[in-house]
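J.: Got a structure for you, written out below as structure tokens; questions coming shortly.
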Amino acid sequence: MSAVRRLLVVGGSWGGITASQSVLRALELPADAATALVLHRQPIRSALAEVLGRGIGCPVEEAEDKMPLAPGRVYVAPPDYHLLVESGWLSLSTEEPVKYSRPAIDVLLESAADAFGPRLVAVILTGASTDGTDGARAVRRRGGTVIVQDPRTAEQPVMPQSVVTAGLADVVAPLRDLPAVIARAVDRAGASA
Amino acid sequence: MSGPAGPVDPADGAGPPPVATADVEDVELDVLLEAIQRVYGYDFRNYARASLRRRLWRRVTAEGRSSLSGLLEEVLHDPGAMERLRVDLSVTVTSMFRDPPFFLALREQVVPLLATYPFVRIWVAGCASGEEVYSLAILLREEGLGDRVRIYATDVSDEILERARAGRVPLDKMRTYSSNYLAGGGRDGLSRYYEVEGRWARMDPSLRDGVVFARHNLATDGTFNEFHLILCRNVLIYFDRILQQRVHQLFDDSLVPLGLLALGARESLVGSHLQATYETVDAEVRIYRRSGT
Ligand SMILES: C[S@@+](CC[C@H](N)C(=O)[O-])C[C@H]1O[C@@H](n2cnc3c(N)ncnc32)[C@H](O)[C@@H]1O
């Protein structure tokens, strides 16, 4: 099994399931990339991985503690756990909610920024909170790329708008353009490393 | 990490220069953990890095510093700062009947196995403020095992053990805990087991009768008894793989043949050197059974 050389992280809240589904469905990533995803949701067991996996051409699975990152896979945070990225694997945590959320997008993005630096692409989708903005700052600080769903195409504009307002977006794009924009950014993320 | 914001360029496609490279920060982190171990004897060197780093940075900001080295200087010269950091570094989040399907499986699958022993010893490792221990004691009483069981509840933190002994739970949480209890197969209504004391629910002290609360450090201490069941839920996720292996070995040394091991909802023995010697009792709720030899 080859190593994951670049990582895509995606955060979504209100409306995020539909939005991330439409993005992942049309997305083609290089073979050495993996994807990790935080969607705010109720802290109950649910079949999110299964729901998301429908219509997506690659396996979607709920992350386990210390699960090795494998290329081509999509990992989602389990309910009520933060999802963190280490250099070759994932880990989980039950520390306090961040901005009322567990899992929190900030936690995923900040840890992924440390582990992947310029080889990281972060995407902020629709949502009604400001989770993701601090994470986006960490991604930029480590040389990664931040892509934001155009708030005007978001079911809830607050979350993507917060990143844009903070001046942290490298690219702002409408939902339908995101797959192409993301694929280009992930390609470049590999080249600059 | 959530350090202070570096200078942020407008969205022009080129990111700002990194304030400190990840490599430099890794060195600072190693030095900090090494120093804390040598000066204070607290060993966080084999804790999982990503969440550790995040909590360290929270303290950096709270102490008005701007780097891990700054925090190092502070904790080396001020035991008070070390104390604040130590509290930050331990995640003690817990709840009663956390993950109800687990408690249901305990009732339906584990209790019948435990009932075959004349006397049962259980170890709750990393018990935090005790909610899990009281939940377990209630369940065992309802299943008729109450007076045949001794529970050893351990944690690394003395303060948290003190809270566990006191057996007081914030009253505003009891609604959630009651529904957890019922979802976990509870028979009576949780309110039978506590009295309201202001903003607290004080757990029935008799639930503590068979319980020993004691300090035990999974990173450094050895085995201290043989157990029929070990619960260690949501603790190993804070350790790296090296320390996880150590603790798995410790549990292996502390279980009777055919003893049971219960891990947290998203933890498993997959990838552990001991995986082959355990069978899965319930994959969904992470209950394992040691082989007979
Ligand atoms: C998140 S709590 C889990 C509480 C409970 N088991 C549950 O699942 O609700 C983690 C606990 O592990 C304890 N802990 C951390 N490091 C430890 C160590 N080296 N040895 C023993 N306990 C430790 C912490 O003090 C904390 O109380």
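The values are calculated or read from the model by the stated rules, or taken from the named source; none is laboratory data. If you're wondering where the values come from, they're calculated on a predicted model, not measured in any experiment. Ideal geometry is used to build each Cβ from the backbone, glycine not excepted, and the neighbour counts take in all protein chains shown. The area values use the complete protein model at the heavy-atom level, side chains included, leaving out ligands, DNA and RNA. Shrake-Rupley method; radii C 1.70, N 1.55, O 1.52, S 1.80 Å.
J.: With every protein chain left in place, what is the accessible area per residue of the stretch A:60-140 in square angstrom, probe 1.4 Å?
T.: With the other protein chains kept in place, the stretch A:60-140 gives 22 Å² per residue.
J.: Taking 30 Å² as the minimum loss, tell me which residues in the stretch A:71-94 lose that much accessible area going from the chain by itself to the full protein complex (1.4 Å probe).
T.: The answer is A:Y81, A:L84, A:E86, A:W89, A:L92, A:T94.
J.: Given a 1.4 Å probe, show me the residues in the stretch B:198-244 buried by at least 50 Å² of accessible surface when comparing the whole protein assembly to the chain alone.
T.: Residues losing area: B:I237, B:R241.
J.: Only bridges whose two residues both fall in chain A count here: according to DSSP, what percent of them are antiparallel, nearest 5?
T.: 20
J.: Once you have all Cα-Cα distances for the stretch B:13-89, histogram them in 5 Å bins from zero and send the whole-percent values.
T.: Spelled out per bin, shortest first, that is 3, 15, 29, 27, 14, 6, 3, 2, 1, 0.
J.: Something else: Shape of the stretch A:6-177 from its Cα gyration tensor (a ≥ b ≥ c, root eigenvalues): rounded if a/c is under 1.5, otherwise prolate when a/b > b/c, or oblate?
T.: rounded
J.: According to the square roots a ≥ b ≥ c of the eigenvalues of the Cα gyration tensor, what is the shape class of the stretch B:213-284, taking rounded for a/c under 1.5, prolate for a/b larger than b/c otherwise, and oblate for the remainder?
T.: Judged from the Cα gyration tensor, the stretch B:213-284 comes out rounded (a/c under 1.5).
J.: Taking only Cα atoms and a 10 Å spring cutoff, compute GNM fluctuations for chain A and point out the largest among A:T153, A:T126, A:T35.
T.: Fluctuation is largest for A:T153.
J.: Within chain B, what's the longest stretch lacking chymotrypsin sites (Phe, Trp or Tyr not before Pro) that sit in DSSP loops with no more than 13 other Cβ atoms inside 10 Å?
T.: Longest site-free region, per DSSP loop and neighbour criteria: B:1-118.
J.: Near A:A33, within a Cβ-to-Cβ distance under 14 Å, what is the net charge of the other residues, with Lys and Arg +1 and Asp and Glu -1?
T.: Counting the neighbours of A:A33, the net charge comes to +3.
J.: Across chain B, where is the longest run that never hits trypsin sites (Lys or Arg not before Pro) in a DSSP loop with at most 13 other C-beta atoms within 10 Å?
T.: Free of exposed loop sites, the longest segment is B:1-186.
J.: Give the relative contact order (percent, whole number) for chain B; include only Cα pairs under 8 Å separated by 6+ residues.
T.: After rounding, I find 16 percent.
J.: Of the DSSP beta bridges with both residues in the stretch B:100-290, give the percent that are antiparallel, rounding to the nearest 5.
T.: Antiparallel bridges make up about 40 percent of those DSSP assigns within the stretch B:100-290.
J.: Still on this structure, please answer the following. With +1 on the Cβ of every Lys and Arg and -1 on the Cβ of every Asp and Glu, and nothing else charged, how large is the dipole of the protein assembly as shown about its Cα centre, in debye rounded to the nearest 20?
T.: Once rounded to the nearest 20, the dipole reads 580 debye.
J.: What part of the accessible area of chain A, given as a whole %, is carbon or sulfur when the probe is 1.4 angstrom?
T.: Result for chain A: 54 percent of the exposed heavy-atom area is carbon or sulfur.
J.: Per q in 0.07, 0.11 Å⁻¹, report the Debye log10 I(q)/I(0) for the protein assembly as shown, using one uniform scatterer on each alpha carbon and no solvent.
T.: Result of the Debye calculation: -0.39, -0.95.
J.: For chain B, modelled as a GNM with alpha-carbon contacts under 10 angstrom, which of B:G259, B:G186, B:G70 fluctuates the most?
T.: Result for chain B, Cα springs under 10 Å: B:G70 fluctuates most.
J.: Mind checking the alpha-carbon convex hull of the stretch B:34-153 and giving the volume per residue in Å³?
T.: 137
J.: Please list the equivalent ellipsoid semi-axes of chain B, computed as the square roots of five times the alpha-carbon gyration tensor eigenvalues, in descending order and whole angstrom.
T.: After diagonalising the Cα gyration tensor, the semi-axes are 38, 23, 19 Å.
J.: What are the principal axis extents of the Cα atoms in the stretch B:82-141, in Å, biggest first?
T.: Answer, in whole Å and largest first: 48, 23, 15 Å.
J.: What number, rounded to the nearest 500 deg cm²/dmol, is the helix-based mean residue ellipticity at 222 nm of chain B, given -39500 (n - 2.57) per DSSP H run of at least four residues and division by all its residues?
T.: Computed ellipticity for chain B at 222 nm equals -11000 deg cm²/dmol.
J.: Now for a different question. Let me know the charge dipole size of the stretch B:237-290 about its Cα centre in debye, to the nearest 20, where only the beta-carbon of Lys, Arg (+1) and Asp, Glu (-1) is charged.
T.: My answer is approximately 60 debye.
J.: Can you give the local net charge around A:R54? Use residues other than it whose beta-carbon is closer than 14 angstrom to its beta-carbon, Lys and Arg +1, Asp and Glu -1.
T.: Summing Lys/Arg as +1 and Asp/Glu as -1 gives -1.
J.: Provide the buried accessible surface between chains B and A in square angstrom, both chains summed, 1.4 Å probe, rounded to the nearest 100.
T.: Chains B and A together bury approximately 3300 Å².
J.: Mind checking the angle between helix B:79-89 and chain B's longest principal axis? C-alpha axes, 0 to 90 degrees, to the nearest 10.
T.: Helix B:79-89 sits at roughly 60 degrees to that axis.
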